[in-house]
Amino acid sequence: MSSRLELLRETLARRPLLGDGATGTQLQLLGLAPGACGELWCLDQPDRVQQVHRHYLAAGADLLTTNSFGGTSFVLAGHGAGARVREINIAAAHLARATAGDHAWVLGDIGPFGGMLEPLGDAQPDEVAAAFREQAAALLEGGADALLVETMSDPAEAALAVQAAKAVGAGFVIATYSFQQSAGGYRTMMGNTVAECVAAVLAAGADAVGANCGTELSLADYEKLTAELVAAAGATPVIVQPNAGSPKLVGGQIHYATSPAGFAAATARFLAAGARLVGGCCGSTAEHIAAMAALVKR
Ligand SMILES: [Zn+2]
């Protein structure tokens, strides 16, 4: 185990860790067109990607997330870049690593592959697993300290990604799902309960588990969800990275209304409910992370 990874585990045992905020919505503010391939900016606009990392580091984030959410061959192929997985993910990790220095850890970001596994869809588990291994290996090669499997809806896919990350040597793997409200409580889009989701990735070897994004969920929902996650996760640390409120369309623009102070106040409740890693997803900014830092990094 590298000493940086050891220090990550030690620090997490001592105090909660602060993640960063949104990447996608921040890159859009810097000019990324909606629907364009943000991961290609690791190669084409490295300064802008690093600017996002720099702002989060300055805000006090302990963890910088690489700009590689859609970095599997499946997603990149949709942008004509399916053969550039290694190049893009190595660059994504380099950019975050160069910004982080000794001040933060780098989480190599892995999002969904964008399809559905058999039998619901036509994707073969072996092919999806290979794609996750390819991405995970490149993120580690580029200098990621740990890997973040995020915004998952299918526990089977999340488990494949965690196993893939472990198989290529990741020493610390975080897995988070996007939940929504349903008649039976919080569930993924695929209908899975919190307990099912947590069990699947713990069996696959995840080192931390939790929730992120979830467009329908309020911060009050996230507080209840945190308690459910903590109950399901046992001794495994829980991470929560909500959106800055539910998105609303204001003047044709998607707007996230939660203020930095409101977000930080909610963070205090997540920590009281047992969360050990906190950060933000869509709509959260460096100002949100800075407001959280005072609470988390005591
Ligand atoms: Zn999000």
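When DSSP beta bridges are restricted to pairs lying wholly in the chain, around 25% turn out antiparallel. Across segment 88-101, coupling constants 3J(HN,Hα) worked out from phi with the 6.51/-1.76/1.60 Karplus curve, θ = phi - 60°, read 5, 6, 5, 5, 4, 5, 4, 4, 5, 4, 5, 6, 5, x Hz, and Gly and Pro carry x. Computed from backbone phi, the HN-Hα couplings of segment 141-158 come to 4, x, x, 5, 7, 8, 10, 10, 8, 9, 6, 7, 10, 10, x, 5, 5, 4 Hz, rounded to whole numbers (Karplus: 6.51 cos²θ - 1.76 cosθ + 1.60, θ = phi - 60°; Gly and Pro given as x). Counted over segment 202-298, the DSSP beta bridges are approximately 35% antiparallel.
Considering Cα pairs under 8 angstrom that are at least six residues apart, work out the relative contact order of segment 71-137 and quote it in whole percent. If you can, show how the numbers build up before the last one.
On the way: 58 pairs, mean separation 25.6, N = 67.
Relative contact order comes out at 38 percent.
Our summary gives segment 28-181 a relative contact order of 21 percent, counting only alpha carbon pairs under 8 angstrom and 6 or more residues apart. Each DSSP beta bridge with both residues in segment 1-149 is either parallel or antiparallel, and the antiparallel ones are about 0%. Note that segment 223-232 has calculated 3J(HN,Hα) couplings of 5, 5, 4, 4, 4, 5, 5, 4, 5, 7 Hz, one per residue in order, obtained from phi through the Karplus relation 6.51 cos²θ - 1.76 cosθ + 1.60 (θ = phi - 60°); glycine and proline are x. Helix-derived [θ] at 222 nm for the chain: sum -39500 (n - 2.57) over DSSP H runs of at least 4, divide by residue count, nearest 500? Helix contribution divided over all residues of the chain: -14000 deg cm²/dmol.
Measuring only protein heavy atoms, the 1.4 Å probe finds HIS55 accessible over about 100 Å². What are the equivalent ellipsoid semi-axes of segment 81-179, built from the alpha-carbon gyration tensor (square roots of five times its eigenvalues), in whole angstrom, biggest first? One finds semi-axes of 24, 14, 11 Å for segment 81-179. Most fluctuating residue of ILE174, ILE254, ILE239 in a GNM of the chain with Cα springs under 10 Å: which is it? Result for the chain, Cα springs under 10 Å: ILE254 fluctuates most. Close amide-amide hydrogen proximity is noted between ASN212 and THR151, TYR177, SER178, PHE179, GLN241, each under 5 Å apart and 5 or more residues distant or on a separate chain (H modeled in the peptide plane; Pro and chain starts excluded). When the square roots of the Cα gyration tensor eigenvalues are ordered a ≥ b ≥ c, the ratio a/c for the chain is under 1.5, which makes its shape rounded. Dividing the mean sequence gap of close Cα pairs (under 8 Å, 6+ apart) by how many residues the chain holds gives a relative contact order of 20 percent. Taking a straight Cα-Cα cut-off under 16 Å and skipping sequence neighbours fewer than 8 places away in the same chain, the aspartates and glutamates within cross-link reach of LYS224 are GLU216.
The values are calculated or read from the model by the stated rules, or taken from the named source; none is laboratory data. Source: prediction; values computed, not measured. Accessible surface areas use protein heavy atoms only, side chains included; no ligands, DNA or RNA. Shrake-Rupley method; radii C 1.70, N 1.55, O 1.52, S 1.80 Å.
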